[in-house]
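Novice: My structure is below; once you've seen it, I'll send some questions.
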Amino acid sequence: MNTQIHDTDFGTPARVSERMVTLEIDGQQVTVPEGTSLMRAAAEAGTMVPKLCATDSLEPFGSCRLCLVEIDGRRGFPASCTTPAEAGMVVRTQSDKLQSLRKGVMELYISDHPLDCLTCAANGDCELQDMAGVTGLREVRYGLAGENHLDSKKDESNPYFSYDPAKCIVCNRCVRACEETQGTFALTISGRGFESRVSPGQDQPFMESECVSCGACVDACPTATLQEKSVIQFGQPEHSKITTCAYCGVGCGFLAEVN
C-alpha cells in the first residue's frame, strides 16, 4: 500500500488581506483575499491549472506559459500565476483554444528533452511527464536533427545529487529556491536565448560553487534535472512520514520519504 504524503500545490503562495474579492472561474463564484493569483484562486475552488514554473513555495515567475487563461474583456491569454484576481472577473481555465496553446508549448519542451521516461529516475514523479498527459500530448512533430541540448554533460560532482542539463527546461525554480528558500544565491542562469542553462556560478561544477547541498533546488525541480543520487540508486520512495530532525536542538520537522 502506497502511504506517501502528497500536499496540494496551489501554484503560488497564499496572500493575507483584510479585503476579499469575488470573481467567477469556470462558472463558479470564488472569493479570495486581494492579491491572490488566478492560479491559486482556481486551485482553492478545486480547479488545477496546468503549470511547470509555478509552485506555492516560491513567488510567481510566469515563464513556462502553460497556465494561460481567458479573461472576459481582456485581449490575449495571460498567465494565471502572475495575474491577480480582481472583483467581477470572469475567467475560463479550459477551452479548445487554451488546450491547443498548452499542447503546443508542451510539444516544444518535449522536442528538446530526452525521451527516456521508462528508465528515468523521476518516472512517476515528474511534473513534465504529468503535464504532457494533462495537455494530451501524444506525439512531437519536430525531429531531432535541429539544435538541441541532448548531449549535454552531467555534473556528478556533488555527493548527494546529480545535475543533468539535458533535462533542464529552464523554469528557474531551482534558482529561485536557492534565493528565496535558502538565501544562498549559488545558482544562476548562464547564457542567453536557446543557450540558457542553470549554472552554479561561472560554468563551474557544483562542488566548486557556493552550493551548500541543502537540497532546496532538488526539491523544487519539476524534472530529473536535479535528482538525488539515492533515488537514482534505489528508486522512488514507497511511503513517507513526517518526523523531526535530530541534527541540532531546533527540532525542525521534515518529510522523510522511505523505500
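Novice: Between a first residue in segment 234-251 that is at negative phi and a second residue that is open to solvent by 50 Å² or more (accessible area, probe 1.4 Å) and of a type in the set (Asp, Glu), which pairs have beta carbons less than 9 Å apart while being 6 or more apart in sequence or on different chains?
Specialist: Gln236/Asp125; Gln236/Glu257; Pro237/Asp125; Pro237/Glu257; Glu238/Glu257; His239/Glu257; Ser240/Glu257; Lys241/Glu257
Novice: Determine whether Glu18 is among the acidic types (Asp, Glu) and either free of Cβ contacts under 8 Å to residues at least 12 places away in the same chain or more than 29 Å from Cys174 (Cα to Cα) (or both).
Specialist: Against the criterion (among the acidic types (Asp, Glu) and either free of Cβ contacts under 8 Å to residues at least 12 places away in the same chain or more than 29 Å from Cys174 (Cα to Cα) (or both)), Glu18 qualifies.
Novice: If you don't mind, another one. Being surrounded by fewer than 18 Cβ atoms within 10 Å (Cβ to Cβ) and within 19 Å of Leu128 (Cα to Cα) is the requirement here; does Ser157 meet it?
Specialist: It is false that Ser157 is surrounded by fewer than 18 Cβ atoms within 10 Å (Cβ to Cβ) and within 19 Å of Leu128 (Cα to Cα).
Novice: For segment 182-205: of the residues being closer than 18 Å to Leu150 by Cβ and of a type in the set (A, V, I, L, M, F, W, C), which is surrounded by the most Cβ atoms within 10 Å (Cβ to Cβ)?
Specialist: Among those that are closer than 18 Å to Leu150 by Cβ and of a type in the set (A, V, I, L, M, F, W, C), it is Val198.
Novice: Turning to a different aspect of this structure: For the structure I just gave you, tell me whether Val49 is of a type outside the set (Lys, Arg) and in a loop (DSSP other than H, G, I, E, B).
Specialist: Yes; evaluated as a whole, the condition is true for this residue.
Novice: Taking segment 62-81 as the region of interest, how many residues are in contact with a Cys (Cβ under 9 Å, 6 or more places away or on another chain) and either charged (D, E, K, R) or closer than 14 Å to Arg40 by Cα (or both)?
Specialist: Final tally of qualifying residues: 6.
Novice: Would you mind finding the one in Ile25, Ile5 that is open to solvent by 40 Å² or more (accessible area, probe 1.4 Å), more than 27 Å from Tyr109 (Cα to Cα) and in contact with a Leu (Cβ under 9 Å, 6 or more places away or on another chain)?
Specialist: Ile5
Novice: For segment 64-94, which residues satisfy the criterion of being crowded, with 18+ Cβ neighbours inside 10 Å and among the aliphatic types (A, V, I, L, M)?
Specialist: Leu66, Leu68, Val69, Ile71, Ala79, Ala85, Met89, Val91, listed by residue number.
Novice: Continuing with the same structure: Out of the residues in segment 160-181 meeting the condition of being over 27 Å from Phe234 (Cα atoms) and among the charged types (D, E, K, R), tell me which one is surrounded by the most Cβ atoms within 10 Å (Cβ to Cβ).
Specialist: The extreme case among them is Arg176.
Novice: What number goes with the only condition from (1) in contact with a helix residue (DSSP H, G or I) (Cβ under 6 Å, 6 or more places away or on another chain); (2) open to solvent by 40 Å² or more (accessible area, probe 1.4 Å) that Pro50 does not pass?
Specialist: If we test Pro50 against (1) in contact with a helix residue (DSSP H, G or I) (Cβ under 6 Å, 6 or more places away or on another chain); (2) open to solvent by 40 Å² or more (accessible area, probe 1.4 Å), just (2) comes out false.
Novice: Further, regarding this structure: Considering each residue of segment 127-155, count those that are in a loop (DSSP other than H, G, I, E, B), in contact (Cβ under 8 Å) with a residue 40 or more places away in the chain and either within 30 Å of Leu98 (Cα to Cα) or touching a Phe, Trp or Tyr at 6+ places or on another chain (Cβ under 8 Å) (or both), and give that number.
Specialist: So the answer is 3.
The values are calculated or read from the model by the stated rules, or taken from the named source; none is laboratory data. Fair warning: this is a prediction, and the values are worked out from it, not measured in the lab. Ideal geometry is used to build each Cβ from the backbone, glycine not excepted, and the neighbour counts take in all protein chains shown. Accessible surface areas use protein heavy atoms only, side chains included; no ligands, DNA or RNA. Shrake-Rupley method; radii C 1.70, N 1.55, O 1.52, S 1.80 Å.
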